[in-house]
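The values are calculated or read from the model by the stated rules, or taken from the named source; none is laboratory data. What you see is a predicted model; the values in this text were computed from it and never measured. For neighbour counting, all protein chains shown are included, and Cβ atoms are generated from backbone atoms with ideal geometry for every residue, glycine included.
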Amino acid sequence: MSLAPLQIYLSQNVLLLVACGLVRCLRFASARLPHPLTYRHQLHCAYWLIAAAVLAPVLAPLFSSPQLLPAAAQVWSAPSGQALSRVAASSPVATLSLTTTGTQLRLDLLTQCALTICAGGIAISLTLLLIGTRATRALLSRAQLIRRSGALRILATSEASVPFSFWRPGSFFIVVPVSLLTRPEDLRIALRHEAQHHRQGDTWLVYVTGLLRGAFSLNPAAHVLGNSIHELREFACDEAVIARHPVTARRYCDCLLWVAENALAQDLPAICMPMVDMRRAHRRLAHRPPASPGAPEPRTAGRPTTLLARRVAVLLCSPKRRLHTFGVAALQSLTVSTLLVAGFALAATVQDRRISPSEAAEMAAVARLNTSFPIVTNPQVVAEMNRLVGTPDGRAYLRESLRRMHTHEPMIREKLQQLSLPAELLAIPLVESGYRNRPQDGNPGHGAGLWMFIGPTARAFGLAVDPTQDERLDPALETDAAMRLLSQLMAEFGDWNLALLAYNGGSDFVNRSIREAGTRDAFELTQRGYENDPRYLARVMATIIVMKNASRKAYD
Amino acid sequence: MMNVIWRIGPCSVHQVVDALRPQRELAYTSVSTIIRILEQKKYVLSIKEGRGHLYQAAVSKQAYQATSLARLVSNVFDGAPSLLVQRLLDSKQLSPEELSSIRASMRKKER
């Protein structure tokens, strides 16, 4: 199960939250500047922030981002090495471990949930857009054409009480209510306002924002951002009409209020851009509890609470001078780059601890440098690498074993050099005992010491093993015996993989296996059932590769 | 607009625009659009006349008033005509002549 879709969707959700905060900060800061930003610039900045929030997590994996934030979660091949063994036959179940709480969640279920929420939200949004488009097209088909200019059509209808604009590919529509035709000056203002919505691209971007709201429907930031953008569109539109045409702010406000009075009973589809949107004001009024006599005044008393009231306030108190182009560019760059940095930082907060086959091949190539030891990578070795590095307990085992190895490493290396044996054999005690000097347990068939020699083998190599004395527990003596045994096995088989198989199962067993199977490929022998421990050879190989790539993968 | 058409009978858009002036300075396209919407709602009929059209009322003023009143009573006065009359008497300063005319109409209706 790939982590990328979940990682991208979660990062996009977090970045939308950041974008929402940045838009709020920008508007707050702009309102307090002596020469504020124009609403057009604020709107463009909001669009850039949303685009960056959606695209940065998609592009971030293409670049190696440094880990600027602490890891919020880690992805493991399985919750434990034992769990990995149980499901080895079927597909392994990767888990997402939240490092803050220690909770483990199944990666496949999480990914399915995220994709279902995203795809379901988009499907619902698309359905609503489709229904809205059909309703609007039906209304347009009954409306009377007033004028046509290129792709723009101006229509009048008695079915709408508020002017609105609508876009569909290749066509731009402005629809005015019939009652507005008898008010020529208001009609001109309304047409300019709606034309400005088309000019700003609001009428087609409303589809994009609708789909984004659907895709991130459970994220409150997406809805807050959607509302902010809706407001900024209207502010920018009002601002542009006042700036481009000879109409006073007061006259423009009169027109807005007249339209608002008529818009109270209007319910247009979400894809239409009405001159005054009373839908939200309606909802707010409907949910407001009735004021009781003697109750204290609400906190919003004296402040414009509806969009219409804010628009009128903005129009009547519009500053004469605006921020210089350089200042605009600096503020916009600052906010967008803040979001991009957050995006790239977030990309590294979920650490994927699993090793992919391609990554294993790269690690094996590193391990093969400056050695003649036959290092093999195959699915069994990759599975064992994931058991060691891709599970929390495997990683802990490896970390502790390597710490213990440092105590014995100089002694073992010295003996390896004396017999001209490869340094890769340092991996054997790690697999056998985890570099713990383990005494004999109750079962005489089990081994003891670092190298886990069984009693008969130890005696054959001159170690005293009896009820009063066990020389296997002397690391130097047992290491010396192990070196002699491995040299002997290598001399006998001429192949380190077969020698390792014989170290685990005995040389007689390996000789018989070769005879019966007719192959000298140690991994093929294992796969065909000639083994003492089916995972032994792959485990040693995985340990060698991981040990020789210590700098690549941290074990903590 | 309907008042103009009832008053002057079959007429062109230009004639309606002229008849509305100087009280209402409306553009030709605005008047034309409104008349076409009235035609769509079947309040006005169009007759082809040369290159243009003449428009005439498709409903009488009395029928239009009755329809409009019925809609008003239904939408605004919860379907109760008495509320409409009550509101009219409360909010409008009626002359004694108008009041006696209303009384006469009511007596005639009661018989």
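The table for this structure:
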quantity	calculated
Qualifying residue in the range A:472-479 (condition: in the same structural domain as A:ASP441 (by TED's automatic domain parsing), more than 17 Å from A:ILE375 (Cα to Cα), of a type in the set (Lys, Arg) and more than 46 Å from the chain's Cα centre (by Cα))	yes
Tally, over the range A:116-161, of residues that are part of a helix (DSSP H, G or I) and small (Gly, Ala, Ser)	9
Residue within the range A:485-497 that is farther than 27 Å from A:ARG368 by Cα and not in a helix (DSSP H, G or I) present	no
Which numbered condition A:GLY226 misses (of (1) under 18 Å from A:LEU268 (Cα atoms); (2) outside any helix (DSSP H, G or I); (3) small (Gly, Ala, Ser))	(2)
Unique residue being surrounded by 11 or more Cβ atoms within 10 Å (Cβ to Cβ) and not assigned by TED's automatic domain parsing to the domain that holds B:TRP6 when the list is B:PRO81, B:PRO96	B:PRO81
Every pair of residues 6+ apart whose Cβ atoms lie under 7 Å, when the first sits in the range A:411-440 and is part of a loop (DSSP other than H, G, I, E, B) while the second is of a type in the set (S, T, N, Q) and crowded, with 18+ Cβ neighbours inside 10 Å	A:GLY434/A:SER401; A:TYR435/A:SER401
Per-region count, the range A:327-344, residues free of Cβ contacts under 8 Å to residues at least 60 places away in the same chain and either polar (S, T, N, Q) or outside the structural domain of A:LEU17 (by TED's automatic domain parsing) (or both)	2
Positions within the range B:99-111 being part of a helix (DSSP H, G or I) and either surrounded by 12 or more Cβ atoms within 10 Å (Cβ to Cβ) or not hydrophobic (A, V, I, L, M, F, W, C) (or both), in sequence order	B:SER100, B:SER101, B:ILE102, B:ARG103, B:SER105, B:ARG107, B:LYS108, B:LYS109, B:GLU110
Pairs, first farther than 8 Å from B:ALA57 by Cα and in the same structural domain as B:VAL31 (by TED's automatic domain parsing) in the range B:1-12, second of a type in the set (S, T, N, Q) and surrounded by 14 or more Cβ atoms within 10 Å (Cβ to Cβ), C-beta under 7 Å, six or more apart	B:ILE8/B:GLN15
Qualifying position, being in contact with an Asp or Glu (Cβ under 8 Å, 6 or more places away or on another chain) and at pLDDT 90 or above, among A:GLU478, A:GLU492	A:GLU478
Exclusive hit being surrounded by 13 or more Cβ atoms within 10 Å (Cβ to Cβ) and within 14 Å of another protein chain (Cβ to nearest Cβ), set B:LEU38, B:LEU54, B:LEU45	B:LEU38
Qualifying positions in the range B:14-35 - surrounded by 12 or more Cβ atoms within 10 Å (Cβ to Cβ), farther than 23 Å from A:SER141 by Cα and within 13 Å of chain A (Cβ to nearest Cβ)	B:VAL16, B:VAL17, B:LEU20, B:ARG24, B:LEU26, B:ALA27
Condition check for A:THR136: out of contact with any Gly (no Cβ under 8 Å at 6 or more places or on another chain) and within 26 Å of A:ALA215 (Cα to Cα)	yes
Among the candidates A:LEU107, A:LEU26, A:LEU68, residue that is modelled with pLDDT of 80 or more and surrounded by 13 or more Cβ atoms within 10 Å (Cβ to Cβ)	A:LEU26
Count - residues of the range A:162-201 that are crowded, with 17+ Cβ neighbours inside 10 Å, part of a strand (DSSP E or B) and away from chain B (no Cβ under 12 Å)	7
Among (1) among the small types (Gly, Ala, Ser); (2) surrounded by fewer than 19 Cβ atoms within 10 Å (Cβ to Cβ); (3) in a helix (DSSP H, G or I), the one test that A:SER551 misses	(3)
Count of residues meeting criterion [closer than 17 Å to A:ILE428 by Cα and of a type outside the set (Ser, Thr, Tyr)] in the range A:454-473	4
Test: residue in the range A:140-151 that is under 18 Å from A:LEU268 (Cβ atoms) and within 33 Å of the chain's Cα centre (by Cα)	no
Test result for B:TYR64, surrounded by 11 or more Cβ atoms within 10 Å (Cβ to Cβ) and within 14 Å of another protein chain (Cβ to nearest Cβ)	no
Subset tally (residues that are under 47 Å from the mean Cα position of the chain (by Cα) and over 24 Å from A:GLY132 (Cα atoms)) for the range A:250-268	4
